[in-house]
Amino acid sequence: MSDAEPVDAACNHGRGHLRRGIAWILGLLITTDVRSVEYTLQADANVGQEYDTNIFLTPGPHTDVWGTRLGLNTRFSAEEEVWKLDGNIRLDNYFYDRKGLDSLNQFVSLTGSYFVTERSRFALRGDDIRDSTRTSFVETDDLIFEQVRRNQRVINPSWTYDLSERTRFSLNYQYQNTDYRNKDNTFFPDYQSHSGSVDLIHDYSERLTMNGSFSYTRYSAVGSTIFIPGILDFGPFRIPGNYENRADQIEIDYAAAVAGFSYAIDETLDVGFAAGAQYNQTEASFRTIFRDNRGDPILDDFDHIDSSFVTYLIDLSATKRFDVDELSLHYAHTVSPNLYGNLVEADTVTFTGKHKFTPTLSGWAEFSYVDRKTADQRNNALNRQLFRARGELSWNWTENWSFSVSYRYGRQEIEIISNIPESHAAYLTIRYQWDKLKY
């Protein structure tokens, strides 16, 4: 494989791309007659309380924690005849009674769209995210035993062209750069990725939509180290300690071709199916060290991986709607890099149910099972199964005020660890939503 660009240099390039993208979006506003622009603004604020018995779902020693969340979410838009700007700014602040868990998170997203003709549209999206590995804006199924600050920048230009009234063609590119402020006992890898895709969508009828896509992604990371508490079976002895899984420069390339459809069987039942194949190539050097509780190494293995393989991709979904209920089932088989730079193959099954008790009182429940395995022969210690059960009741006592209470159960089985960690968490949230402003 060719040498990857240093991540520090790529980070600077990423900031430059983001600045140019924002300048392009703001240029749409500056060059437009403001009297012909329609503006909207909507915001909400929330305060919440959290209790968690095992916040990292760790098999090691842990204690209960209490936390408080303060959040602010603002959405705005500006629209003219040939362009549109959408923006979202979120602030999520977490404060806990345990040292090292507090996190101040910011999410800023801008999307500019320009309609060249009735059939042709350019769009550019830029995201700037500052969060942490645990209190992330994007939920993850990875092993996380420490909270580390993270900065992420995303640039996503795209072009869509309507070949006909029923057929759309689009080209997409995405650049992502992520860096971590690691602690002494963590080393999440700073990484960058370049992705491109070609998509074709055809509305065969009012009920049937067919689609196909081809995508390619190049992922590059400088290396990583993950520490996992565990027990080493050494002859007749069982030695407690920690596994250190280290990886040097990581290069992953994968290309996928997928075709599928979505079909409305009737007004209450929708199904969707997509399947394809993905070619994966990984090159990395890694080392596994097991240290006892005194820090002495007991096991030290080194290996170099240069592997390639083809795997299948599947996405299957079904949604059934009733008068006041909705049930949905989703299954997916995916292959992608995780937080530690390992190519992970995952089977995910999710069942969700929603119910509206009264016009102001509603609830939902979700059950999910995830089976994750390393797909490129690295860090088999990360193989695990994760089960989650979640539920929430929400009450809108006025048009602006709402109150919600929720519960979450988590359980995971890690291949190299005999004990099975579990967690129970409860949340209370009060939210106020301002009236939508429109000019």
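Just so you know, all these numbers are worked out from the coordinates, no wet-lab data involved. Remember, it's a predicted structure, so these values are computed and weren't measured experimentally. Glycine also receives a Cβ, built like all others from the backbone with ideal geometry; neighbour counts cover every protein chain displayed.
Data table
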{"quantity": "Calculated FRET efficiency for the pair residue 205/residue 308, C-beta based, R₀ 41 Å, to 0.05", "calculated": "0.55"}
{"quantity": "Hull volume in cubic angstrom per residue (convex hull over the Cα atoms of region 7-438)", "calculated": "163 Å³"}
{"quantity": "Sum of side-chain charges, residue 68 neighbourhood, beta-carbon under 13 Å (Lys, Arg +1; Asp, Glu -1)", "calculated": "-3"}
{"quantity": "Spatially proximal lysines relative to residue 438 (Cα-Cα < 25 Å; intrachain offsets below 8 disregarded)", "calculated": "84"}
{"quantity": "Dipole in debye (nearest 20) - region 335-425, about Cα centre, beta carbon charges: Lys, Arg +1; Asp, Glu -1", "calculated": "120 debye"}
{"quantity": "Coil-residue GluC sites (Glu not before Pro) of region 313-377, DSSP, other Cβ within 10 Å capped at 11", "calculated": "none"}
{"quantity": "Extension gain from residue 365 to residue 419, taking 0.36 nm per residue of separation minus the Cα-Cα distance", "calculated": "16.7 nm"}
{"quantity": "Candidate aspartates and glutamates for bridging to residue 436, where Cα separation is under 15 Å - those fewer than 8 sequence places away on the same chain excluded", "calculated": "38, 44, 86, 399"}
{"quantity": "Dipole-positive endmost among 311, 101, 158 within region 7-438 (Cβ charges, Cα centre)", "calculated": "101"}
{"quantity": "Hits among lysines - C-alpha to C-alpha of residue 373 under 27 Å, sequence gap 8 or more where chains match", "calculated": "183"}
